[in-house]
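First up is the structure itself, then whatever we jot down about it.
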Amino acid sequence: MKIPEDPRIPTPAGHYSPVVEHNGLLFVSGQLPMDPITKEVPEGVEAQTIRALDNMENLLHAAGSDRRHVLQVRVYVSDIDLWDTVNRAYAGWFGDHKPARAIVPCGALHFGCLLEIEATAAAR
């Protein structure tokens with residue numbers, strides 16, 4: 001197991017690694033839709049979906065990969081009624097690339113966020 005070190009990887013607030021590499025795979029911890037610098041959370045689930053996906057990709061870039069190498073995504077959503085909007089934003093962000101995916105209705109999330117996204121990707 002290797003924990004990539006890069007100044008672009010923010011220091012986590014809890015006892016975990018934001019991204020871990022093992023046997024050619026990258027495991028990205030759950031990403032809230034929070035700006036990594038300002039800690040602001042955008043309004044609305046569409047903007048939050050894009051922010052969380054961008055946070056995921058920032059970690060992938062720091063570990064030497066990108067969105068085209070994402071194999072699986074898990075989206076934790078606070079309210080399943082938000083799913084249609086999340087799906088549209090997600091599909092637009094990924095384009096033609098379609099990783100395996102699970103949607104997990106989960107109730108309230110930290111900081112009042114509407115969703116959290118974690119992923120597994122191939123290291124390049």
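FYI, it's all coordinate maths here, none of it is from the lab. Bear in mind that the values here come from a model prediction, so they are computed numbers and not experimental data. Methodologically, a virtual Cβ is constructed for each residue, glycine included, from the backbone with ideal geometry; neighbour enumeration extends over all protein chains shown.
Placing unit charges on each Cβ (+1 for Lys and Arg, -1 for Asp and Glu) gives the chain a dipole about its Cα centre, and among Cys113, Leu25, Ala102 the Cα reaching farthest toward its positive end belongs to Leu25. Inter-part distance, region 90-124 to region 56-75, computed on C-alpha centroids, equals 11 Å.
Rounded to the nearest 20 debye, the dipole size of the chain about its Cα centre is 400 debye, using +1 on the Cβ of Lys and Arg and -1 on the Cβ of Asp and Glu. Helix content alone sets the calculated 222 nm mean residue ellipticity of the chain: runs of n ≥ 4 DSSP H residues at -39500 (n - 2.57) each, divided across all residues, give -8000 deg cm²/dmol. Sequence-ordered 3J(HN,Hα) estimates for region 67-75 from the Karplus curve with 6.51, -1.76 and 1.60 and θ = phi - 60° stand at 4, 5, 9, 6, 9, 8, 10, 10, 10 Hz, glycine and proline given as x. Proximity of backbone amide H atoms, modeled 1.01 Å from N, is registered between Val19 and Ser29 at under 5 Å, excluding neighbours fewer than 5 places apart on the same chain.
Helix 83-94 and the longest principal axis of the C-alpha atoms of the chain enclose an angle of approximately 40°. The H on the amide N of Arg101, modeled in the peptide plane, is under 5 Å from the matching H of Val73, each at least 5 residues off or on a different chain. Around the amide H of Ala123, modelled in the peptide plane, lie the amide H atoms of Leu25, Leu26, all under 5 Å away and 5 or more residues distant in sequence or on another chain. A simple rule links phi to the HN-Hα coupling: the Karplus curve 6.51 cos²θ - 1.76 cosθ + 1.60 with θ = phi - 60°, which for region 33-40 gives x, 10, 4, x, 9, 7, 6, 6 Hz, with x for Gly and Pro.
Between Asp54 and Asn23, the FRET efficiency from the beta-carbon distance, with R0 = 41 Å, is close to 0.95.
The fraction of Cα-Cα pairs per 5 angstrom bin, counted from 0 for the chain, comes to 2, 11, 23, 25, 20, 13, 5, 0 percent, rounded to whole percents. Length gained on full extension, Ala47 to Thr11, computed as 0.36 nm times the residue gap minus the Cα-Cα distance: 10.6 nm.
As a proxy for reagent exposure, Ile37, Ile117, Ile50 were ordered by neighbouring Cβ count within 10 angstrom, fewest first; the result is Ile37, Ile50, Ile117.
Helix 45-62 axis versus longest C-alpha principal axis of the chain: approximately 0°, rounded to the nearest ten.
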